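These notes are about the structure you will find just below.
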Amino acid sequence: MPIPRSRDTPWGHTARPHAQRPGPLGPAGGHRGILFHQAVADRLGLHISDLRCLNILLEAGSVSVGEIGERTGLTTGAVTRMVDRLERAGYVRREPDPADRRRVIVSPVPGQIARIGPMYAGMAQAWATAMSDYDEDQLTLILTLFDRLHEITQTQIARVRDT
């Protein structure tokens, strides 16, 4: 059986055949992930950027408004409006930074944050089931690839923002 040939893409580079198929590495893979997060945000009555902010707070705990802006790429005004929405909905609280009263620290409200986890439980279980088909070496290879793709994405985000 002959090896499928690569195809040129509209972006001026040649794609390997597996990049043309559906799936997480294909063109629609990232879109489906975004659609899933949008569905969760919709169900909770949030904007998708609000959900991104809450994920940052889940990972980091309390952070400054400026750090939220850096991590999300949103402007100061957009972050302020987002934190306003999240505070009104009871997901976060603002506190003055004890070390610098000019700074505002945003902290998650645990009771409200707990509403988010169940939305991801089905996906987490499905992923665990899918991953159980692979041995440790295969999972290490897959995770190494995803780490590399993440680094490439971060580099390209910086490149696009700097141009």
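Here, each number is a calculation from the coordinates, and none is a lab measurement. This structure is a prediction, so every number in the text was calculated from the model and none was measured. Neighbour counts run over all protein chains shown; Cβ positions are idealised from the backbone, glycine included.
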- Pairwise label distance in nanometres, VAL109 with THR155, each label 7 Å out on the Cα-Cβ vector: 4.3
- Contour excess over end-to-end distance, with Cα ends at ARG32 and ALA89 and 0.36 nm allotted per residue: 17.8 nm
- Find how much the distance from ALA128 to ILE142 grows on full extension, using 0.36 nm per residue of separation minus their present alpha carbon separation; answer in nm with one decimal. 3.6 nm
- Item | Förster-model FRET efficiency, 22 Å R0, THR80 and MET119, C-beta, rounded to 0.05 | 0.25
- Item | Net dipole in debye of the stretch 29-116 [+1 Lys, Arg Cβ; -1 Asp, Glu Cβ; about Cα centre; nearest 20] | 180
- Expressed in nanometres to one decimal, the distance between label points 7 Å along Cα→Cβ at THR163 and GLU59 is 2.5
